[in-house]
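Working notes, beginning with the structure itself.
The values are calculated or read from the model by the stated rules, or taken from the named source; none is laboratory data. Because the structure is predicted, anything quoted here is derived from the model rather than measured. Note: ideal-geometry Cβ built from the backbone for every residue, glycine included; neighbour counts use all protein chains shown. These area figures cover heavy atoms from the full protein model, side chains too; ligands, DNA and RNA do not enter into them. Shrake-Rupley method; radii C 1.70, N 1.55, O 1.52, S 1.80 Å.
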Amino acid sequence: MSLLVPATPDEVAASVAEAAQLRTPLSISGLGSKAQLGAPWNAARRLDLSALKGVTMYEPEELVVSALAATPIEDIEAMLAAKGQELAFEPMSFGALYGTGPGSLGGCLMANVSGPRRIKAGAARDHVLGVKGVNGRGEAFKAGGTVVKNVTGYDLSRGLAGSFGTLAVVTELTFKVLPRAETTATLALAGLAPKRAVEALCLAMGAPVDVSGAAHLPSFAANALGFAGPVTLLRLEGFAPSVDERFHRLGLSLKPFAKAERLDGAASIALWRAIRDVAPLAEPRDKIIWKISVAPTAGPPVAATIGKVYPSEALFDWSGGLVWLALTPDCGPDSGAELIRGAIAVHGGGHATLVRAPAEVRAATRVFQPQPPALKALSQRLKAEFDPFGILEPGRMQAEV
């Protein structure tokens, strides 16, 4: 595989234009933190964007930041924290799961990542304001801008979210930022089974207390973070008096479930960072990791159905709607895909992504949820419009190359 390392956005456009002319497929990477996410395939060339780093604009008063695509998320978060601000969608890091370094801002949008706060703030696509990039013809483009209400017609910036580089190569991004919470506290309920825990989480989400994190850790995940047994967690953020008052009201409403305990400050922050990064399930490294998205009440029965066939460990986030599932390596040639997607279908629908598995396993498995015919046809039309020669990551989301 030949390596292309453009130093500027203009050089990115030139590299893609040459590949388009030669009909040469490209794999695209920033800092390589998500290289193991998706179907493995052999590209003739790799477009390495790691030289495109740096913040190009930051206006704290306007709550907006722009940076080149390979700028590390950690650098941006540190800069924002110094001004009492943050990326509110709480982008997860794949470092714990893959043993890699920090992710990039471009990779964050391309994978549309988010953390526990998604239930309140949304995902990366809900915070991107504008992008600059290059399509599959090698043509540079700009979409969106630096203010929240700037879109007429098709919102290309959001449309690229979750496309994994298959539609365009993003070179620069602009995101809105928000003030960082002054206080964070976690309400913990011990000893609940998953079904009962999700009932408590859903009750809390329906209460007027502005929950910003709702997760349940069964025994394995809880033990990994120092808890004696299963624990159900709810995060409250804001000004200290408001957090105290909301915590009190939430504790009273959840009293029928269990006694509420409280974690504050650094302990609360560290706990939700571990949940964000799925750290409790990261070891041992040979475990297969699935990310399952369903209705919150479907999370426990889906996990239970799978657990009856394959030994597994779970972590429930997003009030039960996000299930991170760790399976043993001997869970079948398809890594449990048929069982998992069948269980999802039985319990109301959703989707499942194979997040961690050896390359040979990912090559033999549909890593991403198969699309229904109408949605697949739409995806193919978008691909043909943005990348008519099929050179941008053609094997990443479907192992067809």
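Among the residues of region 350-370, what is the count of those that are surrounded by fewer than 18 Cβ atoms within 10 Å (Cβ to Cβ) and under 18 Å from residue 307 (Cα atoms)? Here the count works out to 2. Residue-level analysis places residue 90 among those that are of a type in the set (D, E, K, R), in a loop (DSSP other than H, G, I, E, B) and open to solvent by 10 Å² or more (accessible area, probe 1.4 Å).
Of the strands (runs of 3 or more DSSP E) lying entirely inside region 249-366, those carrying at least 3 residues that are over 24 Å from residue 114 (Cβ atoms) and touching a residue at least 24 places away in the same chain (Cβ under 8 Å) are 260-264. The number of residues in region 233-287 being among the basic types (Lys, Arg) and touching a strand residue (DSSP E or B) at 6+ places or on another chain (Cβ under 7 Å) comes to 4.
Evaluation of residue 242 against the conditions (1) at pLDDT 95 or above; (2) open to solvent by less than 30 Å² (accessible area, probe 1.4 Å); (3) in a helix (DSSP H, G or I) shows that the sole unmet condition is (2). Of the residues making up region 248-307, those that are basic (Lys, Arg) and closer than 21 Å to residue 186 by Cβ are 249, 255, 259, 262, 273, 276.
Here residue 339 passes the criteria (1) open to solvent by less than 60 Å² (accessible area, probe 1.4 Å); (2) at pLDDT 95 or above; (3) touching a strand residue (DSSP E or B) at 6+ places or on another chain (Cβ under 9 Å) except the one numbered (3).
Given (1) open to solvent by less than 50 Å² (accessible area, probe 1.4 Å); (2) farther than 16 Å from residue 392 by Cβ; (3) among the β-branched types (Val, Ile, Thr), identify the lone condition not met by residue 8. The failed condition is (1).
Tally time: how many residues in region 47-87 are part of a strand (DSSP E or B) and touching a Pro at 6+ places or on another chain (Cβ under 9 Å)?
Step one: list which residues in region 47-87 are part of a strand (DSSP E or B), which gives 47-48, 55-59, 64-68, 72, 85-86.
When the remaining residues are screened for being touching a Pro at 6+ places or on another chain (Cβ under 9 Å), the result is 47-48, 68, 72, 85-86.
The qualifying residues number 6.
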